[in-house]
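Below: the structure, in structure tokens.
Derivation of every value follows stated rules applied to the coordinates shown; laboratory data play no part. This structure is a prediction, so every number in the text was calculated from the model and none was measured. Virtual Cβ from ideal backbone geometry, glycine too; neighbours counted across all protein chains shown.
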């Protein structure tokens, strides 16, 4: 049997080597080198802003990875994209994309592809200094099948431009797999005796009350974890004492007094898919905690104490990035009080920035999910209860005129194109989702993210000239003799084109979404609310949210099976 498995593994390795070589992550394009550390802290060492949900009783730690600007002399070993234990993560990822159990176990032994894939981040590198003394800081929540490493391109790219990014790994069953370190069995080698596994939980996409309750149970854990991560960020900056069970990280002292996390409204929040929905609810649960309708929810998602650090931090000024936000978890009847309230940046107060502080980027696949786009437009507007988004919604009762959000989509991009998935599995991305050039989707996202931070006076480095290959705006006086962009190695400090809202914005595969008039879509479902249409259409989109549900994976599995036979 062992000989047969070895033969199958050898055949598959040979086949995959021809089909898709070991993935090479592109270098980060900011001026800073990137460092990274892993952190896992016992919940008892932190101050939770909200009580632990009942379904979190067996989650004793919170885990995250940090990406940060590092000193130029950083030469530490680059980290593997795969966290430990690697074989179990490979098996989990192959199952997530729809490879059967037998093949998944064989693939988990392969010594190539994911095992040898590294990202351009240096383990435990020394943090760089900043002129402003404190680095802009972001918390980013992953989507279905993700983890603390699944958005390393986004997180590492932002770090290379001067942002410290904290990437939690949620233990709600939405991570591809997660391992909890046992406090009394701490080991540098992370043996099976020193950990407990949290497997991926499949929840049906045929929407009913049970499905809503299951997704809200996941959200309760996710929001509780974000509250704990926020306190961990404060603890790290303050030099507060706690235990880091991940012994591969010798110290976190380099971050003490270096994170811009204490001023209200200064932390940046972002997420992809379910992670974007998580951030959406986290902001609302904190900002509107005292609103009677929210405070009286029968089954609240998150109840931060009045004097909690998250309540102090979340204001109308928190810059927010929502990438392909998955709206279904927000439509649960129990959560209607939250649905009906606008995101905090639209509050009717003089300091509210409106859509200037909000970036929403869609893949073409999610953009073409018409009823979902209409619901999202309502959620990104100052009044989600309105039937249609109108210009008048952006005129607040006080007379303040608020900007519309930065709302764009990437052509020829799939839902997973905003994660590392496309770089790791370019052949699968093309075969299953018919998506093209995954690096382009990530590059355009990065440009928009950097410009969002600049628009909100958050200091970040220039956009690299090489990232402008899809098109850029240049003032006529700056055009060179050939009529092109001035060729400088540094790039530009104001990427005007990426937020250009004209039909011809000069950036290839990047389009503005005009949300005025959206919200009232009926299509063939006249008489049904657009929210109801999203419920009914959810099952048709399950193949985008979870690749294993995609029929196109079946011939891929058959091909791999034949290669192993």
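Figures for the structure shown
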item: Span from the segment 35-87 Cα centroid across to the segment 146-184 one, whole angstrom; result: 7 Å
item: Quarter of the Cα convex hull surface for segment 195-348, i.e. its orientation-mean projected area (nm²); result: 10.8 nm²
item: Ranking of 216, 40 by count of other Cβ atoms within 10 Å, fewest first; result: 216, 40
item: Cα shape, segment 340-452, gyration tensor, a/c 1.5 rule; result: prolate
item: Zone residues, segment 200-230, relative to residue 529, backbone N less than 18 Å from point 7 Å out along Cα-to-Cβ; result: 207-213, 216
item: Cα principal axis extents for segment 333-385, largest first, Å; result: 37, 28, 13
item: Cα gyration tensor category, rounded, prolate or oblate, for segment 243-283 with a/c compared to 1.5; result: oblate
item: Relative exposure of 290, 340, 260, judged by other C-beta atoms within 10 Å (fewest first); result: 290, 340, 260
item: Where labels lie 7 Å past Cα in the beta-carbon direction, separation of residue 116 and residue 411 in nm; result: 3.7 nm
item: Chain lengthening between residue 496 and residue 368 when straightened (0.36 nm per residue, less Cα-Cα); result: 43.5 nm
item: Where a label projected 7 Å from the Cα of residue 351 along Cα→Cβ would reach, residues of segment 130-166 with amide N under 17 Å; result: none
item: Modelled FRET efficiency - R0 41 Å, residue 209 with residue 73, Cβ distances, 0.05 increments; result: 0.10
item: Burial ordering of 327, 285, fewest other beta-carbon atoms within 10 Å first; result: 327, 285
item: Sites residue 256 and residue 336, calculated FRET efficiency, Cβ-Cβ separation with R0 35 Å, nearest 0.05; result: 0.25
item: Gain on full stretching of the segment that runs from residue 123 to residue 401 - 0.36 nm per residue minus C-alpha separation; result: 95.4 nm
item: Whether segment 237-316 is rounded, prolate or oblate, judged on the alpha carbon gyration tensor where a/c under 1.5 counts as rounded; result: prolate
item: Projected label distance in nm at residue 297 and residue 238, using a 7 Å step from Cα toward the beta-carbon; result: 2.6 nm
item: Model label zone, residue 201; criterion: amide N under 19 Å from point 7 Å along Cα-to-beta-carbon; scope segment 142-185; result: 142-148, 168-181
item: FRET efficiency estimate (nearest 0.05) - Cβ-Cβ, residue 392 to residue 247, R0 60 angstrom; result: 0.55
item: Separation of alpha-carbon centers, segment 400-416 and segment 258-323, rounded to whole Å; result: 21 Å
